[in-house]
1. Starting from the stretch 285-302, take each residue that is on the phi > 0 side of the Ramachandran plot and list its partners that are of a type outside the set (D, E, K, R) and not in a loop (DSSP other than H, G, I, E, B), counting only C-beta distances under 9 angstrom and pairs at least six apart or across chains.
2. At least 1 residues that are outside the structural domain of D462 (by TED's automatic domain parsing), surrounded by fewer than 19 Cβ atoms within 10 Å (Cβ to Cβ) and of a type outside the set (K, R) in each: list the strands (runs of 3 or more DSSP E) lying fully within the stretch 33-144 that qualify.
3. Residues in the stretch 298-323 that are more than 14 Å from the chain's Cα centre (by Cα), charged (D, E, K, R) and in a strand (DSSP E or B): how many?
4. Name the one entry in I698, I688 that is under 25 Å from P584 (Cβ atoms), without any contact (Cβ under 8 Å) to a residue 40 or more places away in the chain and among the aliphatic types (A, V, I, L, M).
5. Restrict the check to the stretch 471-481 and report whether at least one residue is in a strand (DSSP E or B), of a type in the set (G, A, S), closer than 30 Å to S403 by Cα and touching a residue at least 40 places away in the same chain (Cβ under 8 Å).
6. Among the candidates A473, A540, A488, single out the residue that is under 25 Å from Y658 (Cα atoms), under 30 Å from the mean Cα position of the chain (by Cα) and of a type in the set (A, V, I, L, M).
Amino acid sequence: MKIISKIFAIILITVCCSAVSGQISNIQISSPHIALQNEEQVFYSPIDGKFAIATWRDFRLGFRRCGIGRTTDGGATWSDQLNWLLMDVDNRQSDPTMTVDAQGNFYLSFLDYSSGQFMEDSSFITFIKSTDNGATWAGPYPVSTSHGPWFEDKQFIAADRTGGAHDGNVYIAWARFPNPTRMMFSRSIDGGITFSDTLIVGPSQDHEPCGYVVDAGQFAQPIVGSDGAVYVFWSGAELIEDECAGYTAMKMSKSTDGGVTWPIMEQPVFQFPYLPQADGGINIYNSAAGDADITGGPYDGNIYISTCYGQEDGALYHSDVVMIKSTDGGATWLPRVRINDDPFGFDMDQFHPWLVVNQDGVIATIFYDQRLDVNHYKFDVFAAYSFDGGETFTTNHRITTVSSSPDDLKKSLGVAGVQNNLNEGQFDESGTYQFLTPKAGLLAEYIGITSNHDSITAVWTDSRNGNQDVFGATYVIPFLKPRLFGVADGGFLGTVGDSLYWSSCWHENDVSYRIEIDDDPGFGTPNIVEPVSDNKLYSASISLPDGVYYWRVKSFRTVELDSTDYSEVWSFEIDTEAPPLAIPGAPINNELLTGEFPTFTWSVTKDANEYFEIEVSLDPGFSGTAPYFHYDLITDQFFALPEPLPQEGTYYWHINHYDLAGNESGYSSAESFSFINYLCGDANGDLIVNVGDAVFLINFVFKGGDAPVPLESGDANNDGLANVGDAVYLINFVFKGGDAPCE
């Protein structure tokens, strides 16, 4: 029988099409130039959202400088300039990063160094500051006052905007070379004018089993929590103690006193597979792009870190953009959430994410994405949002209007006097000489996004003009169709199955949803039409007979009185029938075994998508006290224990039959077997002591036959030897009532 629920009147109103219509306007922020611009950051003023400042690395003078873009009309138009030559200590700038404090003061930081003819491999970090929304800038304010025998690299900055005891502090973290790298930190308590002595918050590591020192890592990002705690995140190697091995991890150090002391140092928070390059030779940086919720709202205190994740996808291996979060000040971290929503089974990469949290607690993120190119070579910028504290991310949408090609990233048109810091070049097909891109992984290393309530400004490196330019887009967060989560498409919904849920599509107090479930993929007459106020339908609410069903969701905004399109259609199967109970086979109850790798068998009728799990224990109650073995996802009706029984004794075993819907037969009756290393006098290993063992020993001693296994099993008279005397001893035991073996 069909079940039709009443639908709230408000969502029955006829509405127009989805809010995502047409393209988002793209604008070139950097002045048109034949040289390169890349590595972007952008921030709105927290005082007045009409003002936003962007920065990037700019080669228009033929060497690295910092470009500065400014909008006074909320991103509709931009002006740009180079950071003036007097605004640094040396004559080169690179790696520009930005932040803004709660009073609207903008801070721009960059690497400050001399050209190679003056000094090799040495740099320091300089700040400039604007107190009038970028109209003028003051500085330079170096973090340190002299060059050291090192190169500072990849500095990122943050300002405390919490209104707490450390409000207004400016923090900076970076990597210090030469190898082994150290992760460094400094702070300013006077608005970026002077800075404290540098601290090592991520020391290099002595790896004694391997006999060498390991870099601390790279891409340090400081983040200020809602309580004023300062975190530094970076990616680096986490070494396995007492082993010559390790893995790539996101790491964290934490200070609770405004960056003065660091009681938590280099703690790994997330292990991730490393993927070095996207198609086209673009380096992928597993850097930390994150932010904290300091809004005082329902997700206040959450810390979010996004990065790239090497995704195993069948035979494919590609890069996804994922996010992890902590709700307890970095003590624990919840499992990763996949931000990109492209389907699996295709070799496409997502990379270079950036993430911010706005004053409403909404997470906004952008990333490069290859999904629109059938060859997965060209790339675009895509965006996604989370309205529920990072539990879900919306359907992704495209920001760029033209795809970029890795081939065009390699070009910078040749002009006299514009070759400094550029590699050797080549003539293209038209005869124009083109210098190759400066070092920095072809596409440089980061992009930027900022959010003022529902207004978004994104900036990125774009090659639509034939080389690298800074482009941007300013738009309102669109009302996107739901993205389905919960039970995987084609999965099972059982008596204890997962609930159906989907992305939160808008601010939680201004959105409702309609879910449709039907055994017909065309939704001709849905079995269930359910209005819900949150983004979940619990399995207890789905009262339907076993079978395959299809579901989709539509979102409604209660203030604007508009709706989205329906989501994609997914299917699930309801299965409430428990599999039959398995019957134990071998080893039979009370059987004596001498092999330390027993094989277990059982019999039962099994369907596809059904599995077995087995427990083996010395404890008949299977308490988990060692020695205890548990294995699941067994598809055959036999199982060879892959690790040896550790000691002699009586063991117990039983099996459970279950399916992917969460139904199970329950464990079978427990069977027992005794395990001994060997039976004394059982020379031929058949677990019976008889004349056959005497014959076996005679063949071994006089005819070169097989030796007893183990040799001690043939030592019937317990003299430490296996010889003819043991055969005589066994004959006396079997035929003349002599002493039992080994007495």
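The values are calculated or read from the model by the stated rules, or taken from the named source; none is laboratory data. As the structure is a computational prediction, the values presented were derived from the model and not from experiment. Glycine gets a Cβ as well: all are built from the backbone with ideal geometry, and neighbour counts include every protein chain shown.
1. Short answer, once both residue conditions are applied: G301/A292; G301/S326.
2. 79-82
3. Residues meeting the conditions: 1.
4. I688 is the lone residue from the list that is under 25 Å from P584 (Cβ atoms), without any contact (Cβ under 8 Å) to a residue 40 or more places away in the chain and among the aliphatic types (A, V, I, L, M).
5. First pass over the stretch 471-481, keeping only residues in a strand (DSSP E or B): 471-476.
From what's left, of a type in the set (G, A, S): 472-473.
This time we only want the ones that are closer than 30 Å to S403 by Cα, so: 472-473.
Cutting the leftovers down to touching a residue at least 40 places away in the same chain (Cβ under 8 Å) gives us 472-473.
Looking through the stretch 471-481, at least one residue is in a strand (DSSP E or B), of a type in the set (G, A, S), closer than 30 Å to S403 by Cα and touching a residue at least 40 places away in the same chain (Cβ under 8 Å).
6. Numbers: A473 fails: under 25 Å from Y658 (Cα atoms); A540 fails: under 30 Å from the mean Cα position of the chain (by Cα).
None of the other options fit; the residue is A488.
This table checks each residue for (1) surrounded by fewer than 17 Cβ atoms within 10 Å (Cβ to Cβ); (2) without any contact (Cβ under 8 Å) to a residue 60 or more places away in the chain; (3) among the basic types (K, R); (4) in contact with a helix residue (DSSP H, G or I) (Cβ under 7 Å, 6 or more places away or on another chain).
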site: H630; (1), (2), (3), (4): yes, yes, no, no
site: D636; (1), (2), (3), (4): yes, yes, no, no
site: A640; (1), (2), (3), (4): yes, yes, no, no
site: Q647; (1), (2), (3), (4): yes, yes, no, no
site: W653; (1), (2), (3), (4): no, no, no, no
site: A661; (1), (2), (3), (4): no, no, no, no
site: F673; (1), (2), (3), (4): no, no, no, no
site: I676; (1), (2), (3), (4): yes, no, no, no
site: G681; (1), (2), (3), (4): no, no, no, yes
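Condition check ((1) more than 19 Å from Q359 (Cα to Cα); (2) out of contact with any strand residue (DSSP E or B) (no Cβ under 7 Å at 6 or more places or on another chain); (3) buried (at least 20 other Cβ atoms within 10 Å of the Cβ)) across all residues:
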position: A288; (1), (2), (3): yes, no, yes
position: T295; (1), (2), (3): no, yes, no
position: N302; (1), (2), (3): no, no, yes
position: I305; (1), (2), (3): no, no, yes
position: Y309; (1), (2), (3): yes, no, yes
position: Y317; (1), (2), (3): yes, no, no
position: W333; (1), (2), (3): yes, no, no
